[in-house]
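K.L.:
Following this message is one structure expressed as structure tokens.
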Amino acid sequence: MALCKYTAEDIMTGVYTVSQINTYIKNMFVRDFALSNICIAGEVSNCKYHTAGHIYFTLKDEGAAIACVMFASQRAGLQFRLSDGQKVEARGQISVYEKAGTYQLYAKSLRLSGQGELFERFQKLKEELRDMGMFDDMYKKAIPRYTRSIGIVTAPTGAAIRDICNISLRRDPYVRLVLYPALVQGDSAKESIVRGIRELDDMGLDVIIVGRGGGSIEDLWAFNEPEVARAIFDAATPIVSAVGHETDFTIADFVADLRAPTPSAAAELCTFEYDTFEKELSGRRDALTAAMQRQLKFKRNQLETRRLGILRHDPKAELSERRKRLLDARARMGKILDSGLREARARQEAYSFDLYSSISSSLKERRHRISLLSARLDGVSPLKRISGGFGYISDEAGRGIRSVSELNEGEILHTRLRDGSFESRVTSINKEEEDHGKKIRGF
């Protein structure tokens, strides 16, 4: 410790600055042997862990309280986590914090001496309500994403209501805020909080924020009362608990549908950013419009396709199409027939020419053969012989008579001469010698 630069005589002789006075008083604490290594027993309250590792807390009893700090460099031997309600024995040095002009205990060690009465009551009620199922997630109601009306149960003055109003209206200038001005500290606070929850619950609001700013465990005790817990649990409206600072926990936090670390955070959780909402809404409107236009285009194309399909199957169109196909078929058939007829005529002409040539050749050949045969036949013709003085004799049946043995007396015969014929009757038959007959046939 630095030595004091000012004596009592110096203080008595003139006017001095605040810094000089605080330094003088600090020196008095430093020179007091009893305060340089002292052990103080009390109940922990307002315990805060700093990000740098320091612990700030208050030790109190029934009649007084003293501020305390344990720096991070002194925490090596600490075997437990310090929290409100614990009864501890703190050993260290009492000195003056010159900047604020306050004195406090600079703790070097801490030892548990038993839990405080309020903390014991808190733990007992917490266990009872947990066993009853009042903390169960199955009873938690969802906080609406887009709230239009918010109920607030808190003191009408103070940082809590200001923070809630400022943040809520900044995020959504159209949100409706309904305040129930409740007592949040003291003997009548629990009844006031319960009435506020029930009245706002009957109004059909979207959500209710129940809370207050930070304080000691005694300051926050109204939110540890079983009546408040029951009112929160029985409410039909979703309730957000926002009691104290982030490190403060109350029974209301466990029973509520959602715990917010601070009243400001509760306002953030219960409202939506209207500007962001409008942008999202505009984006979705554009996306919906684009989707509708795509769908309309698709439906129009589909309708046009079906219309064309109907037109294709229309009786008139079908008849016209078939008539056109018939005309085309007729034209093709006519062309085919014309082509076939031309080919047939050509083949017929070719066949006729070939047949004529063949017939001519055959006739010529046959005439030649007939000429030859006629010449040969003429050589053996009976008429030619008849013309030489002979005749052809036949019976009534037309059979030629070659021998007298074929004749009968009285039979009528026909004789053919060169220039005519006549009939005669056989009156007698004279058969000549064989040799003579041979001579006659040889003729």
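The values are calculated or read from the model by the stated rules, or taken from the named source; none is laboratory data. Quick caveat: nothing in here was measured; it's all calculated off a predicted structure. Glycine also receives a Cβ, built like all others from the backbone with ideal geometry; neighbour counts cover every protein chain displayed. Areas reflect the complete protein model, heavy atoms only, side chains present, ligands, DNA and RNA absent. Shrake-Rupley method; radii C 1.70, N 1.55, O 1.52, S 1.80 Å.
K.L.:
Just one of (1) 2.01; (2) 1.04; (3) 0.95 is Rg/Rh (Cα atoms, Kirkwood Rh) calculated from these coordinates, so which is it?
P.N.:
The value computed from this structure is option (1).
K.L.:
Next up: Using mean Cβ contacts within 10 Å as the protection proxy, how do 56-66, 211-221, 416-426 order, highest first?
P.N.:
The densest-packed peptide leads the list: 211-221, 56-66, 416-426.
K.L.:
Hey, any idea what % of region 28-187's accessible area is carbon plus sulfur with a 1.4 Å probe?
P.N.:
It is 52 percent, rounded to a whole number.
K.L.:
Taking θ as phi - 60°, what are the ³J(HN,Hα) couplings along region 94-99 by the Karplus curve (6.51, -1.76, 1.60), each to the nearest whole Hz, with x for Gly and Pro?
P.N.:
In residue order, the calculated couplings are 8, 8, 9, 8, 4, 4 Hz.
K.L.:
Could you order the peptides 38-49, 18-29 from most to least packed, using the average number of other C-beta atoms within 10 Å per residue?
P.N.:
Order by mean packing, descending: 38-49, 18-29.
K.L.:
Right, next: Looking at region 226-277, what % of the alpha carbon pairs are farther apart than 12 Å?
P.N.:
63
K.L.:
Right, next: What pairs in Lys60/Lys99; Lys124/Lys190; Lys48/Lys108; Lys141/Lys279 have C-alpha atoms more than 25 Å from each other?
P.N.:
Lys141/Lys279
K.L.:
Starting with the highest mean, order 68-81, 275-288 by the number of other Cβ atoms within 10 Å, averaged over the residues of each peptide.
P.N.:
So the order, starting with the most tightly packed, is 68-81, 275-288.
K.L.:
Still on this structure, I have one more. Would you mind getting the accessible area per residue of the chain, heavy atoms of the protein chains only, 1.4 Å probe, in Å²?
P.N.:
That works out to 66 Å² for each residue.
K.L.:
Okay, moving on. If amide hydrogens are placed 1.01 Å from N in the peptide plane, which non-local residues have theirs closer than 5 Å to the one on His54?
P.N.:
Under 5 Å from the amide H of His54 lie the amide H atoms of Ala72, each far enough along the sequence or on another chain.
K.L.:
Test of understanding: in a Gaussian network model of the chain with alpha carbons linked when under 10 Å, which of Glu365, Glu268, Glu98 would top the mean-square fluctuation ranking?
P.N.:
Glu365
K.L.:
Just to be sure I understand: with springs between alpha-carbon atoms less than 10 Å apart, which residue in Lys126, Lys335, Lys431 has the highest mean-square fluctuation in the Gaussian network model of the chain?
P.N.:
Sorting by GNM fluctuation, first place goes to Lys431.
K.L.:
I need to check one value: relative contact order of the chain, counting alpha carbon pairs closer than 8 Å and at least 6 residues apart, in percent.
P.N.:
Averaging sequence separation for qualifying contacts and normalising by length gives 9 percent for the chain.
K.L.:
Taking 1 over the mean of 1/r across every pair of different Cα atoms in region 7-139, what Kirkwood radius in Å do you get?
P.N.:
17.2
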